[in-house]
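A.B. asks: Have a look at this one.
The values are calculated or read from the model by the stated rules, or taken from the named source; none is laboratory data. Keep in mind that this is a model prediction, so the values were computed, not measured. Glycine also receives a Cβ, built like all others from the backbone with ideal geometry; neighbour counts cover every protein chain displayed.
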Amino acid sequence: MTDASYRFTHAITRRPAASITRGLRAVDTGSPDLAVMQAHHADYIAALRSTGATVVELPPLDNYPDSVFVEDTALCLPQGAVIMRPGAPSRLGEAAEMAPHLAALYADIRPITGAGSYIEGGDILVTETEILVGRSARTNAVGIAEMTSLVAPWGHKVREVMTPPGVLHFKTDCSLLDGDTILSTERLAASGCFRDYRVIHTAPGEEAAANSIRFNDLVLVPAGFPATRDRITAAGFGVREIGNSECAKLDGGMSCLSLRFSPPAR
Ligand code: CIR
């Protein structure tokens, strides 16, 4: 089996802005502390770099409080990148901010342009065999259809699935661990969307650990979920725990903080 869905040469991140205190959140559990978030962000970048990848750090964008969550702005595939159209009005402009950075690395950039199309990267899970996209409050069927038509010529199959009600993004509840293994909450796996995969469930009460990422030889897991961490370790994966207390106040986790990809040689 190939491994392009979890082995990457590059990642793009963006440093958190002081405006992060105004970031979107479903439930207000307190204001994120910028200094603590910056320290966690630095640990995250160091972990990505420790695998040998090139990690771009973009400067903060104060006009976009949620812009640290770069994953939502694009879908990066081996053949090219699709620029998203975020469904959160305050985040729509973030996609155009990301486009030039991807254009520097990819010859083929395809933007989602439909006025009624909405899609965010957090709803997209790329595996070795397919691209799963969860419909959510941020991603609609028209957006998924437009993305499907953009990636079909590159040979990618898209499967539309449902993000559980009340869950921000599809990948809030799952992550890819390897070519056939998914880490998922029980509530998402119960929908049957992973029936062709081996599934490791998050431990009861540790649903927030589902937003982890496999990046080269590491699985980055948010700190504070020991039972789930132990399940991933027991399955043979190398785990690195990263503090996520401040991003969690804004419904963010490990996947949201980077775009991960291997651009074609130019
Ligand atoms: C938002 O509501 O858009 C941000 N506060 C959190 C985005 C998290 N992104 C992700 O899961 N990909």
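A.B. asks: How many of the residues making up region 204-219 are within 14 Å of the ligand (Cβ to nearest atom) and assigned to a strand (DSSP E or B)?
C.D. replies: 1
A.B. asks: Is it the case that some residue within region 159-171 is at pLDDT 95 or above, of a type in the set (Ser, Thr, Tyr) and closer than 24 Å to residue 257 by Cβ?
C.D. replies: Yes, the conditions are met somewhere in region 159-171.
A.B. asks: Pairs, please: C-beta under 6 Å, at least 6 apart or cross-chain, first residue of a type in the set (Ser, Thr, Tyr) and in region 179-195, second surrounded by 15 or more Cβ atoms within 10 Å (Cβ to Cβ) and part of a strand (DSSP E or B)?
C.D. replies: 184/174; 184/199
A.B. asks: Could you pull out every one of the strands (runs of 3 or more DSSP E) wholly within region 96-184 that has 1 or more residues that are in contact with a Ser or Thr (Cβ under 7 Å, 6 or more places away or on another chain) and surrounded by 24 or more Cβ atoms within 10 Å (Cβ to Cβ)?
C.D. replies: 131-135, 174-178, 181-184
A.B. asks: Here's something else I'd like to know. List the number of the failed condition for residue 132; all other conditions in (1) within 11 Å of the ligand (Cβ to nearest atom); (2) in contact with a Lys or Arg (Cβ under 7 Å, 6 or more places away or on another chain) hold.
C.D. replies: Exception for residue 132: condition (1).
A.B. asks: Okay, moving on. Considering only residues that are under 14 Å from residue 126 (Cβ atoms), charged (D, E, K, R) and within 13 Å of the ligand (Cβ to nearest atom), which ones fall in region 163-187?
C.D. replies: 171
A.B. asks: Follow-up question, since we're still on this one. Can you name every residue in region 55-103 that is within 12 Å of the ligand (Cβ to nearest atom), in contact (Cβ under 8 Å) with a residue 24 or more places away in the chain and among the aliphatic types (A, V, I, L, M)?
C.D. replies: Passing the criteria: 68, 70, 74, 75, 84, 88.
A.B. asks: In region 233-261, how many are in a helix (DSSP H, G or I) and touching a Lys or Arg at 6+ places or on another chain (Cβ under 7 Å)?
C.D. replies: Residues flagged as in a helix (DSSP H, G or I) and touching a Lys or Arg at 6+ places or on another chain (Cβ under 7 Å) within region 233-261 amount to 1.
A.B. asks: A further question follows. Answer yes or no: is there a residue in region 134-156 that is at pLDDT 95 or above and at positive phi.
C.D. replies: Yes, that holds for at least one residue.
A.B. asks: Could you please find all residues in region 6-35 being outside any loop (DSSP other than H, G, I, E, B) and within 16 Å of the ligand (Cβ to nearest atom)?
C.D. replies: 11, 12, 13, 14, 18, 19, 20, 21, 22, 34, listed by residue number.
A.B. asks: Can I ask one more? Tell me yes or no: at least one residue of region 222-234 is within 16 Å of the ligand (Cβ to nearest atom), at pLDDT 95 or above and crowded, with 16+ Cβ neighbours inside 10 Å.
C.D. replies: yes
A.B. asks: Out of all the residues in region 120-166, which are in contact (Cβ under 8 Å) with a residue 60 or more places away in the chain and within 17 Å of residue 183 (Cβ to Cβ)?
C.D. replies: 122, 126, 127, 128, 132
A.B. asks: Those residues that are closer than 14 Å to residue 123 by Cα, of a type in the set (A, V, I, L, M, F, W, C) and out of contact with any strand residue (DSSP E or B) (no Cβ under 6 Å at 6 or more places or on another chain), I need them from region 72-93; list them, please.
C.D. replies: 88, the sole residue that qualifies.
A.B. asks: Among all residue pairs at least 6 apart or on different chains, which show Cβ distances below 6 Å where the first residue, located in region 222-248, is more than 9 Å from residue 209 (Cβ to Cβ) and the second is polar (S, T, N, Q) and loosely packed, with under 15 Cβ neighbours inside 10 Å?
C.D. replies: 239/233
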